[in-house]
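Below is one structure; the comments refer to it alone.
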Amino acid sequence: MNNPIIQNYIQQILPQYPPLTPKKPQGQGQAPVNIALSKYWGKRDCTLNLPTNSSLSISLPGLGTQTQLSWQPQATELKVSLNHQALESDAPFAIRLAQFLAYFKPAEQGHFAVHTLNTVPTAAGLASSASGYAALVLALDDLFNWQLPAQQLSLLARLGSGSAARSLFPGFALWHKGQNANGLDSFAEPIPTIWPEFCIGLLEINLSEKPTSSTAGMQQTVNHCPLYAAWPQKAEQDLAQIAQAIETQNFSDLGATAENNALTMHATMIATQPPILYWQAESVSAMHKIWALRKAGTEVYFTMDAGPNLKLLFLKQDWPKIQAEFPNAKLIEPFKPQA
Ligand code: PMV
């Protein structure tokens with residue numbers, strides 16, 4: 001059953017909705033994953049996925065999702081393939097997609113077919129849901145020929161996964177938490193700064209499915225962590241500092257603030273009852289190595305999301321030293337033109 005609150009929200013974005021009519025046989029969308037430098041943790045409204053605090057991210061070109069979407073009037077169920085494999089209709093990913101796509105069905109009879117290719121491991125703390133919902137909304141926009149501006153696409157992507165609001169843009173993006181109960185002011189927009197030396201290193205500790213989804217994790221933290229009350233204000237302060245550091249290209253300030261922001265978010269999870277700890281022993285040894293490198297003069301910082309993997313933050317000139325210490329780290333250059 002579709003929720004009338006969500007239906008009404010979509011209607012504000014798509015004035016002609018419903019009905020919807022496909023304008024071509026197939027819609028296509030492609031979007032990058034993003035890593036938050038100042039994190040989103042906690043919802044003020046679970047139905048519309050409205051966050052407690054604003055957040056700021058960097059998109060990773062070349063890592064993300066490509067989605068093809070078609071409407072099949074004769075189909076008796078939603079067909080979903082993920083990385084060329086057909087999914088059972090009771091697979092968690094297929095269930096989430098079915099719930100989201102139910103709002104965009106052109107008719108009662110018939111179903112969508114969705115083909116999704118992820119160039120990141122699904123649910124490994126690398127935010128494939130962010131690129132996934134952003135790519136899906138772009139594919140819907142293409143199929144129905146809405147030609148929506150990016151801000152409106154961001155409003156729709158947010159319904160699928162909060163962080164998806166930020167995956168519509170390359171480079172740095174800022175997701176405004178918004179204030180209105182109707183959710184129409186909670187969208188992301190790009191920060192148009194180019195910082196060619198700014199690099200991310202992906203340190204994959206464990207790529208298996210995470211035990212607690214971010215949605216469940218944040219709700220538990222909001223409801224059962226005595227430290228959570230301090231988080232929203234701290235997150236807004238960090239965001240302002242990181243935005244300033246981006247503007248002035250002050251890498252030390254950006255790195256130190258982003259690392260502390262991630263550790264503060266994880267501190268709220270750890271202090272939740274029962275505790276939520278995404279870290280593994282290897283995550284902690286990597287942190288110690290990073291702090292030792294920093295003490296020895298190499299400017300490297302880290303951030304972490306709802307998983308055990310670390311994302312290193314550094315400038316290109318330091319890559320040889322970082323690679324020597326972390327031979328398995330994958331170098332991502334967010335501002336390098338893509339081949
Ligand atoms: O968008 P979600 O519901 O998967 O939540 C993302 C939460 C974090 O990745 C931990 C933080 C963030 O801002 O991306």
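Data for the structure
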item	result
Checking Gly255 against (1) within 14 Å of the ligand (Cβ to nearest atom); (2) touching a strand residue (DSSP E or B) at 6+ places or on another chain (Cβ under 9 Å), the condition it does not meet	(1)
Hits in region 296-339 (condition: of a type in the set (Ser, Thr, Tyr) and under 25 Å from the mean Cα position of the chain (by Cα))	Tyr301, Thr303
Condition met for Ile242 (of a type in the set (A, V, I, L, M, F, W, C) and either away from the ligand (no atom under 13 Å from the Cβ) or loosely packed, with under 15 Cβ neighbours inside 10 Å (or both))	no
Pick from region 217-235, criterion surrounded by 15 or more Cβ atoms within 10 Å (Cβ to Cβ) and under 17 Å from Glu259 (Cα atoms), ranking: nearest to the ligand (Cβ to nearest atom)	Ala235
Residue check, Thr47 modelled with pLDDT of 95 or more, of a type in the set (S, T, N, Q), more than 13 Å from the ligand (Cβ to nearest atom) and under 24 Å from Thr221 (Cα atoms)	yes
Close pairs from region 255-266: first closer than 16 Å to Ile290 by Cα, partner buried (at least 20 other Cβ atoms within 10 Å of the Cβ) and among the β-branched types (Val, Ile, Thr), Cβ under 7 Å, at least 6 apart	Thr257/Ile242; Ala258/Ile242; Ala258/Thr303; Glu259/Thr303; Ala262/Thr303
Matching strands (runs of 3 or more DSSP E) fully within region 239-339 where at least 1 residues are at pLDDT 95 or above and in contact with a Leu (Cβ under 6 Å, 6 or more places away or on another chain)	301-304, 310-315
Per-region count, region 55-79, residues buried (at least 23 other Cβ atoms within 10 Å of the Cβ), more than 16 Å from the ligand (Cβ to nearest atom) and β-branched (Val, Ile, Thr)	1
Only listed residue being within 16 Å of the ligand (Cβ to nearest atom) and either closer than 20 Å to Glu299 by Cα or of a type in the set (Ser, Thr, Tyr) (or both), chosen from Asn261, Asn250	Asn261
Leading residue by the ranking (nearest to the chain's Cα centre (by Cα)) among those in region 141-157 that are assigned to a loop (DSSP other than H, G, I, E, B) and in contact (Cβ under 8 Å) with a residue 40 or more places away in the chain	Leu148
Residue match in region 299-322 (condition: acidic (Asp, Glu) and out of contact with any strand residue (DSSP E or B) (no Cβ under 9 Å at 6 or more places or on another chain))	no
In region 17-44, residue nearest to the ligand (Cβ to nearest atom) [restricted to those that are under 29 Å from Asn180 (Cβ atoms) and surrounded by fewer than 20 Cβ atoms within 10 Å (Cβ to Cβ)]	Lys43
Test set (1) among the aliphatic types (A, V, I, L, M); (2) outside any strand (DSSP E or B); (3) crowded, with 24+ Cβ neighbours inside 10 Å - Met1 fails condition number	(3)
Among (1) touching a residue at least 12 places away in the same chain (Cβ under 8 Å); (2) under 29 Å from Pro320 (Cβ atoms), the one test that Ala181 misses	(2)
Neighbours by Cβ (under 7 Å, 6+ apart or cross-chain): first from region 296-321, within 30 Å of Ala216 (Cα to Cα) and more than 16 Å from the ligand (Cβ to nearest atom); second of a type in the set (A, V, I, L, M) and assigned to a loop (DSSP other than H, G, I, E, B)	Leu312/Val300; Leu312/Ala329
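The values are calculated or read from the model by the stated rules, or taken from the named source; none is laboratory data. What you are looking at is a predicted structure, and each value in this text was computed from that prediction instead of being measured. We place every Cβ from the backbone using ideal geometry, glycine too, and count neighbours over all the protein chains shown.
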